[in-house]
Amino acid sequence: MIVTYSRNVFIPLTRSCRNKCWYCGFRVENADLMDRDSIKMLLERARGAKEALFTFGERPDQLNPEMKKILRALGYSELLDYVVDMNKLAIALGFLPHTNAGVLEKSELLKLKPFNASLGLMLEQAVELECHSESPGKKPELRIRTIRTAGKLKIPFTTGILVGIGEKEYERAYSLEVIAELHKEFGHIQEVIIQNFKPKKGTKMENFPEPTTEEMLKTVRLARQILPKDVAIQIPPNLVNDIYPFLKAGANDLGGISEVTPDYINPEANWPSIEQIKKALRGEFVLRERLPVYPKFVKLKLFGSAVSELIEVYSDDDGYCRS
Ligand code: SF4
């Protein structure tokens with residue numbers, strides 16, 4: 001059985017965010033934006049990786065006047081225009097962007113679509129939770145609407161659930177059912193991340209218990225039962241002790257792995273090396289590098305028009321990354 005991963009570079013464009021999730025150790029209060037030169041340097045250090053993962057705080061320019069000033073000084077009136085230009089920079093340097101910008105409207109998805117191999121947004125959970133009470137962008141209906149709109153626009157999409165943030169077991173099942181229904185309607189979900197909550201010092205949930213390995217395995221099994229077979233299940237290999245039982249439980253993707261950047265959301269958790277991963281497969285699974293757009297969508301040519309030349313170069317006949 002094939003297990004996939006994507007060689008990536010993580011670009012935390014901004015840590016400013018309009019939301020205040022109680023478990024978040026990524027967000028900063030002040031306005032903050034990576035400049036073009038820093039992004040270029042990061043990309044140049046990551047040569048060989050194919051995916052440029054742009055993950056950042058949601059709509060920081062909406063509430064933070066300082067952020068607006070920074071953008072204006074760079075000649076932009078909106079954050080998303082800057083993101084598009086940084087997507088273009090990544091493409092020029094040979095990377096395939098995958099952007100996770102939070103809740104987006106149709107016009108905003110259309111703005112990003114041509115310059116991205118795929119887009120993403122964690123659903124987290126499809127129910128209202130106390131830990132999201134200060135996060136307007138974590139309203140389930142807004143996130144579901146973004147995923148639905150991406151489906152209507154035929155954008156290959158990554159989503160996922162965050163496990164252990166106060167939801168009940170049946171609510172996890174419900175969240176997975178919501179994702180399954182969206183995929184049945186539009187066929188655009190390429191992967192669902194099953195991510196375990198990890199407490200961060202200095203956050204409101206620093207003493208909140210992490211989900212156990214057994215709970216996580218149960219959730220992966222549940223996901224495999226609920227999600228259509230053509231949707232991959234991703235387990236972050238830096239957040240679990242041993243990937244093998246998760247692969248046996250139905251996970252078949254390990255997400256982005258970087259040789260040059262940490263997991264900025266969980267900086268305490270180092271990426272395993274490819275050699276370590278291969279060893280953990282115990283000869284039962286075959287590891288294959290994929291692009292940030294899954295083989296099925298490569299074959300359907302459902303990716304941004306500006307990345308088509310790179311995908312032509314990077315993909316093999318099966319739609320995986322050419323070795
Ligand atoms: S988890 Fe994401 S959305 Fe929530 S505060 Fe942190 S950066 Fe913002």
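Bear in mind these aren't lab numbers, they're just calculated from the coordinates by the rules spelled out. None of the values given here were measured: they were computed from a predicted structure. Using ideal geometry, Cβ is built from the backbone for each residue, glycine included, and neighbour counts are taken over all protein chains shown.
List of remarks:
- Top-ranked residue of segment 109-125 - restricted to ones that are within 16 Å of the ligand (Cβ to nearest atom) and of a type outside the set (S, T, N, Q), ranked as surrounded by the most Cβ atoms within 10 Å (Cβ to Cβ): Leu119
- Search result, residues across segment 170-218 that are acidic (Asp, Glu) and without any contact (Cβ under 8 Å) to a residue 40 or more places away in the chain: Glu181, Glu185, Glu206, Glu214
- Members of segment 144-167 found to be surrounded by 22 or more Cβ atoms within 10 Å (Cβ to Cβ) and part of a helix (DSSP H, G or I), listed by number: Thr146, Ile147, Ala150
- Complete set of residues in segment 93-104 that are farther than 17 Å from Cys17 by Cα and in contact with a helix residue (DSSP H, G or I) (Cβ under 9 Å, 6 or more places away or on another chain): Leu93, Gly94, Phe95, Leu96, Pro97
- Candidates Pro236, Pro272, Pro295, filtered to the one that is in contact with a Ser or Thr (Cβ under 9 Å, 6 or more places away or on another chain) and surrounded by 16 or more Cβ atoms within 10 Å (Cβ to Cβ): Pro295
- Considering residues of segment 35-54 that are under 19 Å from the mean Cα position of the chain (by Cα) and either outside any helix (DSSP H, G or I) or within 16 Å of Gly202 (Cα to Cα) (or both) only, the residue farthest from the ligand (Cβ to nearest atom): Lys50
- Within segment 297-308, residues that are in contact (Cβ under 8 Å) with a residue 24 or more places away in the chain have Cβ atoms under 6 Å from residues that are in a loop (DSSP other than H, G, I, E, B) in these pairs: Phe297/Pro156; Leu302/Lys154; Leu302/Pro156; Phe303/Ala117; Phe303/Val293; Gly304/Asn116; Val307/Ala117, counting only partners at least 6 apart in sequence or on another chain.
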